[in-house]
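Below is one structure, written out as structure tokens, with a few remarks after it.
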Amino acid sequence: MALSDIDLATLHENRLEQRWHYGLPNSHHIYHQHHYHHVGFSAMTRLCLERNLQRKVQPDHNGNCLARGRSRENANAIDSSSSGGGRRRRSGTWPRTRSLNAPSPVQQFGPCGRIMKNSAMVMQIQDPASQRLTWYKPPLTVLVIKKVSDASVLAPFVYLVDWLLQEKNMVVWVESAVLEGVQLNENVRFKAIRDKLVTFKDGRDDLTDRIDFIVCLGGDGTLLYASLLFQQSVPPVMAFHLGSLGFLTPFRFDNFEEQLTSVLEGHAALTLRSRLRCVMHRRSDRKHEAKTLEADLDGEARPAANSILVLNEVVIDRGPSPYLSNIDLFLDGKYITSVQGDGLIVSTPTGSTAYAAAAGASMIHPSVPAIMVTPICPHSLSFRPIVVPAGVELKISVSPESRNTSWVSFDGRNRQELFHGDSLRVTTSIYPVPCICAQDQISDWFASLVDGLHWNVRKRQKCLDELSDLTASGSEDTLDEIENMKLYDV
């Protein structure tokens, strides 16, 4: 069986039973024998094991103890494998207080969208390639996000909004700043539908549980903006490539009616793009005034929040200071290293193809549960980018010996200063961004690598053809003459 097909919950139960059997001989009747001598475990460990097994194991009709959700044959196989051999020595601290696995993402996206349950579903662990969208009630509200200050997006925006209103009878939401565009208001077709649109203002209106579906028109920035708007559950996102790079926007607008109809009918694959939960902890309870304010797309300023979810990366840099950054890095409370250089990038797998790739990091598929840590121009020849499990918590703080403070930005926004004594804690959020695939997870990602970054694009090497090589060399000797010369030399 492939490792990706293993039921992790069942594996946990198996290991729990094995640890029990190693310390408890004759443990086939754990529900009837509780007073024998327990070898190898302390009283507290025995109590924890017994409680966990009582929750995980239930007797069948014959009185045999079988793990829940597991067949008798599997249970017998576990018994036979664990009873053989000697006791195994424990390594490290057990049980762990923190899981190395990523937190399980929520299965519901907005009021209507969720992952379809199918035969590939194993407990709460599902093969990422089999993740598909389903609607348990028809989506009624759609948020359309368009690229700002781009005249080429105006016509597709009007066609899309008109089609959603007239053909699909959906309630269309747009940002209020979009309606203020001069060129858009001069469009005759848009004037007829303007009053039918529902508007919101970023930073003032809460869109939680109001939007069933999101459509992005533009570049990758529109998807990052959608992530910013929804700091908890995110509705399914369908992104059309009308920008410059288009790494996160797999759909083409040519046949948008057919593609949107297919998605609204529930025929779509999903890529769950994990996000990072970033929490700023100040040295004291007093709040520092932010020295810089983020300039939003609507031109208004909004101070950075204390906790924010990012889709690409959080960047800690030296700001305007001429000195090196001196940043301490901790992992699950343990000191790892100090970063001396221009800064540090903590990115998601989605962000591994953004700033991190420019800083020399590897590119990670968005379905891989991981966090990437990449130094920016480190003053060390041996400081390479590293990948850590998605379940850990990173703590970043300014080193006490640092000559200057640091600056933090979240997906290129909400830039604020990190003072001495402050710390930033980063871990994987349980709220991913469900992005709809044009084809599937694998095809979309590698297509974006080739189209957006020209990954491994080069001229093909010509095959080795002896006859063509001889012709190219200008020699008039035939193959027979060459063979005769070889025999003569011998």
Residue pairs within 7 Å by beta carbon, gap of at least six or interchain, first lying in region 194-220 and more than 21 Å from residue 151 (Cα to Cα), second of a type in the set (Lys, Arg) and open to solvent by 20 Å² or more (accessible area, probe 1.4 Å), listed first then second, are 203/302
Answer yes if at least one residue in region 146-154 is assigned to a helix (DSSP H, G or I), in contact (Cβ under 8 Å) with a residue 12 or more places away in the chain and polar (S, T, N, Q), and no otherwise.
-> yes
Taking region 160-199 and keeping only residues that are among the hydrophobic types (A, V, I, L, M, F, W, C), open to solvent by 60 Å² or more (accessible area, probe 1.4 Å) and either closer than 15 Å to residue 143 by Cβ or not in a helix (DSSP H, G or I) (or both), one is left with 171
Looking only at region 428-455, which residues are open to solvent by 20 Å² or more (accessible area, probe 1.4 Å) and among the hydroxyl-bearing types (Ser, Thr, Tyr)?
-> 431, 443
Counting only residues that are open to solvent by less than 20 Å² (accessible area, probe 1.4 Å) and of a type in the set (Val, Ile, Thr), which one in region 388-410 is farthest from residue 108 (Cα to Cα)?
-> 398
Can you tell which of 413, 384 is open to solvent by 30 Å² or more (accessible area, probe 1.4 Å), under 23 Å from residue 247 (Cα atoms) and under 24 Å from the mean Cα position of the chain (by Cα)?
-> 413
Got a number for residues in region 204-224 being buried (at least 16 other Cβ atoms within 10 Å of the Cβ) and at positive phi?
-> 1
Among the candidates 276, 293, 297, 245, which residue alone is modelled with pLDDT of 90 or more and aliphatic (A, V, I, L, M)?
-> 276
Is it the case that region 242-261 has a residue that's among the aromatic types (Phe, Trp, Tyr) and more than 22 Å from the chain's Cα centre (by Cα)?
-> yes
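Yes or no, residue by residue, for (1) touching a strand residue (DSSP E or B) at 6+ places or on another chain (Cβ under 6 Å); (2) aromatic (Phe, Trp, Tyr); (3) closer than 13 Å to residue 350 by Cβ:
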{"residue": "221", "(1), (2), (3)": "no, no, no"}
{"residue": "228", "(1), (2), (3)": "no, no, no"}
{"residue": "239", "(1), (2), (3)": "yes, no, yes"}
{"residue": "243", "(1), (2), (3)": "yes, no, no"}
{"residue": "249", "(1), (2), (3)": "yes, no, yes"}
{"residue": "254", "(1), (2), (3)": "no, no, no"}
{"residue": "262", "(1), (2), (3)": "no, no, no"}
{"residue": "269", "(1), (2), (3)": "yes, no, no"}
{"residue": "278", "(1), (2), (3)": "yes, no, no"}
Can you name the condition, by its number, that residue 116 falls short on among (1) touching a Lys or Arg at 6+ places or on another chain (Cβ under 6 Å); (2) modelled with pLDDT of 85 or more?
-> (2)
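The values are calculated or read from the model by the stated rules, or taken from the named source; none is laboratory data. What you are looking at is a predicted structure, and each value in this text was computed from that prediction instead of being measured. We place every Cβ from the backbone using ideal geometry, glycine too, and count neighbours over all the protein chains shown. Heads up: the accessible areas ignore ligands, DNA and RNA and are worked out on the full protein's heavy atoms, side chains in. Shrake-Rupley method; radii C 1.70, N 1.55, O 1.52, S 1.80 Å.
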